[in-house]
Amino acid sequence: MQGFDADRYLGKWYEIARLDHSFEEGLDRVTAEYALREDGGITVINRGFLTSDNEWQEAQGKAFFVNRSDEGYLKVSFFGPFYGSYIVFELDKENYQYAFVSGPDTSYLWLLARTPTVDPALIERFVAEASRLGFDTSKLIYPAQE
């Protein structure tokens with residue numbers, strides 16, 4: 001996605017929907033926080049509440065732009081030298097209130113928002129667009145944010 005503004009993307013985002021993976025399994029109240037690093041990259045802190053264990057889990061990672069800083073295409077790492085794609089394929093460019101994000105393939109997908117809840121029409125648009133792009137939207141989960 002061209003026209004990406006990293007400074008406006010920084011801050012806290014709430015996870016509204018996702019395709020589940022082992023690293024997020026069972027987590028509710030999931031958030032992602034982004035901050036600039038001194039080396040030009042972005043610090044990523046993902047946090048979620050594991051209800052079954054009644055505890056918070058947190059993972060800190062780092063992200064770097066793959067091509068240019070005005071393109072919503074980054075590589076992110078939470079595990080040493082291993083990086084995965086972080087692709088913002090739709091974004092509220094006017095107010096930066098929501099983002100549709102995918103990984104390196106159709107098994108990674110997130111709807112992020114600046115607020116813990118969003119208009120159902122946004123979720124419908126997210127599901128329709130993700131389905132059009134080949135994601136299995138029947139497997140989406142919607143973590144509780146309260």
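Bear in mind these aren't lab numbers, they're just calculated from the coordinates by the rules spelled out. Not measured: the values here are computed from a predicted model. Don't worry about glycine lacking a Cβ; one is built from the backbone with ideal geometry, like all the others, and counts go over all protein chains shown.
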**Q.** Filter result (free of Cβ contacts under 8 Å to residues at least 60 places away in the same chain and crowded, with 16+ Cβ neighbours inside 10 Å) within segment 99-121
**A.** F100, V101, S102, G103
Q: Mind counting the residues in segment 75-109 that are over 19 Å from G3 (Cα atoms), assigned to a strand (DSSP E or B) and out of contact with any Ser or Thr (no Cβ under 9 Å at 6 or more places or on another chain)?
A: 4
(Q) If Y14 meets every condition in (1) touching a helix residue (DSSP H, G or I) at 6+ places or on another chain (Cβ under 9 Å); (2) buried (at least 16 other Cβ atoms within 10 Å of the Cβ) apart from one, which number is that one? (A) (1)
Q) Out of segment 70-94, which residues are buried (at least 18 other Cβ atoms within 10 Å of the Cβ) and more than 13 Å from the chain's Cα centre (by Cα)? A) Y83
